[in-house]
1. Given the criteria of a type in the set (V, I, T), within 14 Å of E52 (Cβ to Cβ) and at pLDDT 95 or above, does V67 qualify?
2. Looking only at segment 227-252, which residues are part of a loop (DSSP other than H, G, I, E, B) and hydrophobic (A, V, I, L, M, F, W, C)?
3. Provide a single number: the residues in segment 92-114 that are touching a strand residue (DSSP E or B) at 6+ places or on another chain (Cβ under 7 Å), among the hydrophobic types (A, V, I, L, M, F, W, C) and within 16 Å of the ligand (Cβ to nearest atom).
4. Across segment 208-240, which residue is farthest from G103 (Cα to Cα) among those that are hydrophobic (A, V, I, L, M, F, W, C) and more than 16 Å from the ligand (Cβ to nearest atom)?
5. Could you list, in sequence order, all residues of segment 10-36 that are near the ligand (Cβ under 9 Å from one of its atoms) and out of contact with any Phe, Trp or Tyr (no Cβ under 9 Å at 6 or more places or on another chain)?
6. Within segment 202-209, is even one residue within 18 Å of the chain's Cα centre (by Cα) and surrounded by fewer than 18 Cβ atoms within 10 Å (Cβ to Cβ)?
7. What number of residues within segment 134-165 satisfy the criterion of being away from the ligand (no atom under 16 Å from the Cβ) and touching a strand residue (DSSP E or B) at 6+ places or on another chain (Cβ under 7 Å)?
8. Pairs under 7 Å by beta carbon, first residue in contact (Cβ under 8 Å) with a residue 60 or more places away in the chain in segment 136-148, partner in a strand (DSSP E or B), six or more apart or different chains?
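The values are calculated or read from the model by the stated rules, or taken from the named source; none is laboratory data. Since this is a predicted model, take the numbers as computed values, not measurements. All Cβ positions, even for glycine, are placed from backbone atoms using ideal geometry, and neighbour counts span all protein chains on display.
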Amino acid sequence: MIGVFDSGIGGLSVLSALRAAYPEADLLYYADTARLPYGGRSPALIRRFAREAGERFAAFGVDYLAVACGTVSALALDAIADAANCPVSGVVLPVVRAIVRDGRRRVLILSTEATANSRVFEKELAARAPGVDLLSLGCPLFVPLVENGVFAPNDPALLSLLGRALSPGMTFFPDAVLLGCTHFRLLSPAIASLFSGVPLYDCGEAAAGAVPERFGRGNGTLRIFVSDGPDAFRRAALRAGGLPDGVEIGTV
Ligand code: DGL
């Protein structure tokens, strides 16, 4: 069984990609909604949350864990892997490889604040593409906006807020925008409208490809669990269009 972890609805795109790639896989999605958002917390607390999430996945009996949270991938992949006691992949390296493969040289990195402070994307990009120009912006408001359904690209309030948050990025004139938090995919039409013609790289998109094929065999079951009541998660996931039909949401 493959586990998929995020703090909220951001990882549902990774879940969909895994279902498309491996229709027979048994999948278990767990979102730590009681403690969302992770991105404004200290590294020590994020590592503790990650360890506790890993313990849950170990109790569920997953054989592989796809960490679909940029913040945990950046700060606590080793901690969640250790507690889950199974092979693990995150969302950092797949998107870094895609950017290097495409020869991008001026990359704007958007992520949660904790991820930005970790400088993980900068280190991994600089190690693989020496001399690449990088600008990293921590975006503390983006995850709460997405969880609350504020992502319509024609919403003037959203566009004004994004314009303010991203103005240093616009004057940087990037040739690629790296979305280093899986929630940000839902903001991509609005972000794209501010960076006309610049390709956006979503860290969740490439991540499903990191899961080895042998874990994709099973009976095609899907279970979803959250750490707080399921209603807010269901509403947010339905708004985002990421909730598979008929699936129950349990609380642990
Ligand atoms: N989707 C998570 C990420 O990629 C959101 C983190 C948060 O809860 O702030 O970082």
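1. yes
2. L243, V247, V252
3. Of the residues in segment 92-114, 3 are touching a strand residue (DSSP E or B) at 6+ places or on another chain (Cβ under 7 Å), among the hydrophobic types (A, V, I, L, M, F, W, C) and within 16 Å of the ligand (Cβ to nearest atom).
4. Once the filter is applied, the top-ranked residue is F225.
5. Once the filter is applied, which keeps residues that are near the ligand (Cβ under 9 Å from one of its atoms) and out of contact with any Phe, Trp or Tyr (no Cβ under 9 Å at 6 or more places or on another chain), segment 10-36 yields only L36.
6. yes
7. Result for segment 134-165: 2.
8. G138/S111
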